[in-house]
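Inspection log for the structure reproduced underneath, given as structure tokens.
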Amino acid sequence: MTLMMLLDISNGWKTAIMVIAMIVVFYLFLIRPQSQKAKKEAAFRDSLKSGDRLMTAGGIHVTFVSRDGAMATVEAAQGARMKVQLASLQPLPERKNR
């Protein structure tokens, strides 16, 4: 009986149901994962402390020294400090045991 009721729905309602279903799919597969990733990255950057080993977006392994707003001071070698965007810092990749 419910199948018969679905078949009796007008075209306007069918279109509305399809639009709502597409919005739900976009939210579940595109918007939500992206916002969760952004929250995770923000939490990582907020947890940085002096001495943490990191990697820049360019692949340079550095040691975190300090932060000043959206900028971070990092040390690539003994006494070789540079300022980089905080957003370009990421954790070191995990080493795989061989």
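The values are calculated or read from the model by the stated rules, or taken from the named source; none is laboratory data. No experiment lies behind these values; they were computed from the predicted model shown. Note: ideal-geometry Cβ built from the backbone for every residue, glycine included; neighbour counts use all protein chains shown.
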Notebook entry, point to check: If we scan segment 81-97, do we find a residue that is at pLDDT below 90 and among the polar types (S, T, N, Q)?
Noted result: yes
Next item on the list: Return the total of residues in segment 73-87 being surrounded by 14 or more Cβ atoms within 10 Å (Cβ to Cβ) and more than 10 Å from V62 (Cβ to Cβ).
Entry: 1
